[in-house]
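Asker: Have a look at the structure that comes next, please.
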Amino acid sequence: MDADDRSSIIDLLVEYTWAIDGRDWEALRSVFLPGATFDMAGELAVGVDAIIAATKGEFQGDGGGDGSGDGLRLVAILVIILIASLIGTGFGH
């Protein structure tokens with residue numbers, strides 16, 4: 001993995017985090033490929049529309065969470081920290 005690949009991954013994770021934090025569903029749509037799958041606490045969402053519906057559910061309280069979306073925000077932040085720490089150690093060289 002070269003520096004451009006790592007930079008692209010970080011950029012994508014930042015886009016994901018901003019979309020989640022801002023509840024910007026169209027921006028979230030641009031983060032995933034059409035056939036993406038997303039495991040949300042054991043519930044598998046298949047396809048971008050299903051991922052967005054499940055994510056909205058987390059914020060609205062019908063996705064198994066408390067409706068705040070805090071769990072998704074925390075996961076996004078932890079992923080960015082993890083990736084940044086791996087890149088800092090030269091992971092992937």
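What follows draws every value from the coordinates through simple rules; no lab data is involved. This structure is a prediction, so every number in the text was calculated from the model and none was measured. In this analysis, Cβ positions are derived from the backbone assuming ideal geometry, glycine residues included, and neighbour counts consider all displayed protein chains.
Asker: Quickly rank 31-39, 15-23 as a protection proxy: mean count of other C-beta atoms within 10 Å, highest first.
Answerer: 15-23, 31-39
Asker: Mean separation of Cα pairs under 8 Å and 6+ residues apart, divided by the residue count of the stretch 1-60: what relative contact order is that in percent? Working shown, then result.
Answerer: Numbers: 43 pairs, mean separation 12.8, N = 60.
It comes to 21 percent, rounded to a whole number.
Asker: Now a separate question. Taking the Cα centre of the stretch 6-49 as origin, work out the dipole magnitude from +1 charges on Lys and Arg Cβ and -1 charges on Asp and Glu Cβ, in debye rounded to 20. Don't skip to the answer; put the middle values down first.
Answerer: On the way: 3 positive and 8 negative charges, 24 e Å.
Computed charge dipole of the stretch 6-49: roughly 120 debye.
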